[in-house]
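Written below as structure tokens is the structure these notes are about.
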Number of protein chains: 2
Amino acid sequence: MTNRSILAAFAVAAAAVSLPAAAQFQKPEDAVKYRQSAMFVMANHFGRIGAMAQGRIPYDAAAALANAETVSTMSRLPFAGFVEGTASTDKGKAKANIWTDRAKFYAGAKKMQEEVAKLLAAARTNSLDNVKAAFGDVGKSCKACHDDFRNQ
Amino acid sequence: MTNRSILAAFAVAAAAVSLPAAAQFQKPEDAVKYRQSAMFVMANHFGRIGAMAQGRIPYDAAAALANAETVSTMSRLPFAGFVEGTASTDKGKAKANIWTDRAKFYAGAKKMQEEVAKLLAAARTNSLDNVKAAFGDVGKSCKACHDDFRNQ
């Protein structure tokens with residue numbers, strides 16, 4: 001298979017599990033850079049909520065909500081970039097078992113997206129306690145998937 | 001000034017011109033990586049619309065809209081990462097005049113955001129002709145700012 005047909009096949013597979021594959025890529029390196037970029041932006045905005053949840057900066061309900069909205073958007077993006085055949089092109093931390101145990105990988109992604117949806121709902125309540133609880137649950141979902149599929 | 005106080009001062013300045021500075025950064029390198037990541041994700045989704053506008057892939061109104069929504073979200077993010085003092089830490093293409101001619105830089109950012117808003121509206125009409133026209137206008141706003149503030 002050519003790289004392009006591999007990418008196309010992956011897009012079909014990703015769509016089948018109801019994960020978005022709206023983004024496609026000219027070359028494998030672009031897919032790697034895309035998923036790393038989306039993860040980095042997501043982590044940055046999630047970290048801003050964490051700073052409030054952990055008391056390092058004052059709780060600002062509007063800022064927490066804006067960050068939660070961005071995290072929610074970003075949470076849907078990275079997975080289109082986990083294109084078959086990009087383990088070897090990845091200068092990052094993706095483990096090869098992402099592609100040998102896709103069902104578990106996608107389940108981890110879905111779990112994170114569900115917890116992020118709860119974080120967004122919590123942010124809309126303007127309650128720091130709610131945000132703290134939901135932040136913790138999102139963090140657990142991040143860690144669970146990273147433990148399984150990301151090299152430390 | 002410490003890096004942290006420089007970042008804080010920039011955040012205030014950015015807020016004053018009505019650009020979001022919701023994201024803050026532990027160190028200058030994070031600000032650089034953040035803005036580059038946000039730009040890369042934005043460009044990827046914008047490129048997907050471009051592929052339809054230019055006839056390289058079939059027009060899919062729902063996909064065009066989904067991509068336009070992502071571009072719209074992303075269009076608000078990168079500018080918080082253009083933190084004073086990060087020209088020297090940037091391994092990328094940012095020109096130093098970003099920080100010496102901020103008013104023009106922010107005007108360019110605002111113009112892009114306005115054109116992206118029109119692209120999103122165009123995508124909602126489900127008309128390829130509307131999307132084509134708006135795509136071209138967004139592209140011009142990208143190029144204008146890149147010509148002034150990005151090394152080639």
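Brief remarks on what is shown
- A:ARG48 accessible area, assembled protein chains, probe 1.4 Å, Å²: 40 Å²
- Straight-line reach from B:LYS95: taking Cα to Cα under 15 Å and skipping same-chain neighbours fewer than 8 places apart, the aspartates and glutamates in range are B:GLU84, B:ASP147, B:ASP148.
- Convex hull per residue volume in Å³, alpha carbons only, for segment B:75-116: 71 Å³
- Equivalent-ellipsoid semi-axes of segment B:20-61, from the Cα gyration tensor, Å, largest first: 32, 10, 5
- Distance between the 7 Å Cα→Cβ label points at B:GLU69 and B:ARG56: 2.4 nm.
- In this assembly of identical copies, the label point of A:ARG124 (Cα plus 7 Å along Cα-to-Cβ) is separated from its counterparts by 1.8 nm, sorted shortest first.
- Placing a label point 7 Å from Cα along the Cα-to-Cβ direction at A:GLN54 gives distances to the equivalent points in the other copies of 4.3 nm, listed shortest first.
- Heavy-atom accessible surface of segment A:53-152, averaged per residue, reaches 50 Å², computed with a 1.4 Å probe.
- Backbone amide hydrogens, once placed in the peptide plane, bring B:ARG150 within less than 5 Å of B:LYS95, excluding anything fewer than 5 places away on its chain.
- Area hidden from solvent between B and A (accessible, protein heavy atoms only, 1.4 Å, total, Å²): 1700 Å²
- Neighbour net charge for B:GLU114 - beta-carbon separation under 15 angstrom, K R +1, D E -1: +3
- Normalised contact order of segment B:42-152, rounded percent, pairs of Cα under 8 Å and 6 or more residues apart: 33 percent
- Shielding value for B:32-43 is 5, the average number of Cβ atoms from other chains within 10 Å of each residue's Cβ.
- Axis-proximal residue, chain A, for the rotation superposing A on B (Cβ, Å): A:SER37, 2
- Label distances, nm, A:ALA107 versus same residue in remaining copies, Cβ-directed 7 Å point: 5.7
The values are calculated or read from the model by the stated rules, or taken from the named source; none is laboratory data. Quantities reported herein were computed from a predicted structural model and do not represent experimental measurements. All Cβ positions, glycine included, derive from the backbone under ideal geometry; neighbour counts span all protein chains shown. With ligands, DNA and RNA removed, areas are computed over all heavy atoms of the protein, side chains included. Shrake-Rupley method; radii C 1.70, N 1.55, O 1.52, S 1.80 Å.
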